[in-house]
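Colleague: Quick one: the structure is below, questions incoming.
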Amino acid sequence: AAHAASDASGNGAGGGILTYLDSNGEAEAVGQFEFVTVGGNVASIGGAVEVETLTSSDTTGTEGLATLEIRNSILASNDSFGVGGPSPGSAGTLTSGGSGNLEFTLAYTNVSGNASGEIETTVTPDSTVGNQIGIDALLDADFVPGRCSPTIDAGDPADDFASEPADNGGRVNMGDLG
């Protein structure tokens, strides 16, 4: 379902998903999304997924780590970016985006048709494989992929497809129907 995120002034973050990852020292904050479809959401920043982090150092100087993985998903037709996040700030200070200690993986995901662009440069993935960036997901009004959608049988080939109905093509679909 489409959502709108906004405060009284009309500003909002993460129309679909707002991910806040907070870690200190040896700790790792982990966010993982698999088989989700995020479409038609409205927010002034991060229409589909907004990523914000706060990593700080412990007394030994070891900085925390924030890890985000988005797999086998569809982030399409959202207002603002498909994946967005503020510019990294300083360690230990919650500024726009927190620290730069973010590891971001985007795998077997369709990111398309988002009003401000697909992936904001401040959250460029460290690792990508099997993605469809800017390729129309061909979603209907209910955000369901059409029969000719490039997201059909395009998920991670290592994932089990046995739960999908017969004539499943031998490979999982991207999105919540995968």
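The values are calculated or read from the model by the stated rules, or taken from the named source; none is laboratory data. The shown structure was predicted, so the numbers you read here are calculated from the model rather than taken from an experiment. Here the Cβ positions follow ideal geometry from the backbone for every residue, glycine too, while neighbour counts run over all protein chains shown. With ligands, DNA and RNA removed, areas are computed over all heavy atoms of the protein, side chains included. Shrake-Rupley method; radii C 1.70, N 1.55, O 1.52, S 1.80 Å.
Colleague: Give VAL42, VAL123, VAL49 a once-over and let me know the one that is of a type outside the set (S, T, N, Q) and at pLDDT 85 or above.
Modeller: VAL49
Colleague: Now for a separate question. Which strands (runs of 3 or more DSSP E) does segment 26-90 wholly contain that include 1 or more residues that are over 15 Å from VAL123 (Cβ atoms)?
Modeller: 28-34, 37-39, 49-56, 65-71, 74-76
Colleague: Please count how many residues of segment 140-162 are in contact with a Ser or Thr (Cβ under 8 Å, 6 or more places away or on another chain) and farther than 17 Å from VAL172 by Cβ.
Modeller: The number of residues fulfilling the criteria is 1.
Colleague: Same structure again: Can you pull out every residue in segment 126-153 that is assigned to a loop (DSSP other than H, G, I, E, B), within 18 Å of the chain's Cα centre (by Cα) and more than 16 Å from GLY113 (Cβ to Cβ)?
Modeller: Matches in segment 126-153: ASP126, GLY130.
Colleague: What pairs come up if the first residue lies in segment 108-124 and is of a type in the set (S, T, N, Q), the second is part of a strand (DSSP E or B), and their beta carbons are under 6 Å apart, counting only those six or more places apart or on different chains?
Modeller: From segment 108-124, the pairs are THR109/ILE70; ASN110/ILE74; ASN110/GLN132; SER112/ALA76; ASN114/PHE81; ASN114/GLY82; SER116/PHE81.
Colleague: Looking only at segment 59-79, count every residue that is among the polar types (S, T, N, Q) and open to solvent by 10 Å² or more (accessible area, probe 1.4 Å) and tell me the total.
Modeller: 5
Colleague: Sticking with this structure for a sec: Could you list all residues from segment 12-32 that are of a type in the set (Val, Ile, Thr) and more than 10 Å from the chain's Cα centre (by Cα)?
Modeller: VAL30
Colleague: Would you check if SER112 is more than 15 Å from the chain's Cα centre (by Cα), open to solvent by less than 20 Å² (accessible area, probe 1.4 Å) and at pLDDT 90 or above?
Modeller: Judged against the criteria, SER112 is not a match.
Colleague: Still on this structure, I have one more. Which one is farthest from the chain's Cα centre (by Cα), of the residues in segment 38-58 that are β-branched (Val, Ile, Thr) and surrounded by fewer than 24 Cβ atoms within 10 Å (Cβ to Cβ)?
Modeller: Top of the filtered list is VAL42.
Colleague: Name the pairs whose Cβ atoms lie under 6 Å apart, with the first residue in segment 151-167 and in contact (Cβ under 8 Å) with a residue 24 or more places away in the chain, the second hydroxyl-bearing (Ser, Thr, Tyr) and surrounded by 10 or more Cβ atoms within 10 Å (Cβ to Cβ), and 6 or more positions between them or separate chains?
Modeller: Within 6 Å, the pairs are GLY155/TYR108; ASP156/TYR108.
Colleague: Collect the residues in segment 39-59 that are out of contact with any Asp or Glu (no Cβ under 6 Å at 6 or more places or on another chain), of a type in the set (Ser, Thr, Tyr) and farther than 19 Å from ASN114 by Cα, keeping them in residue-number order.
Modeller: Of everything in segment 39-59, those that are out of contact with any Asp or Glu (no Cβ under 6 Å at 6 or more places or on another chain), of a type in the set (Ser, Thr, Tyr) and farther than 19 Å from ASN114 by Cα turn out to be THR53, SER56, THR59.
Colleague: Given the conditions (1) under 27 Å from ASN131 (Cα atoms); (2) of a type in the set (Gly, Ala, Ser); (3) modelled with pLDDT of 90 or more, which single one is not true for ALA27?
Modeller: Only one criterion in (1) under 27 Å from ASN131 (Cα atoms); (2) of a type in the set (Gly, Ala, Ser); (3) modelled with pLDDT of 90 or more is unmet by ALA27, namely (1).
Colleague: Look through segment 91-109, keep the residues that are part of a loop (DSSP other than H, G, I, E, B) and modelled with pLDDT of 95 or more, and return whichever of them is most open to solvent (accessible area, probe 1.4 Å).
Modeller: Among those that are part of a loop (DSSP other than H, G, I, E, B) and modelled with pLDDT of 95 or more, it is TYR108.
Colleague: Something else: Do you know which residues across segment 132-149 are open to solvent by 40 Å² or more (accessible area, probe 1.4 Å) and of a type outside the set (A, V, I, L, M)?
Modeller: GLY134, ASP136, ASP140, ASP142, PHE143, ARG147, CYS148
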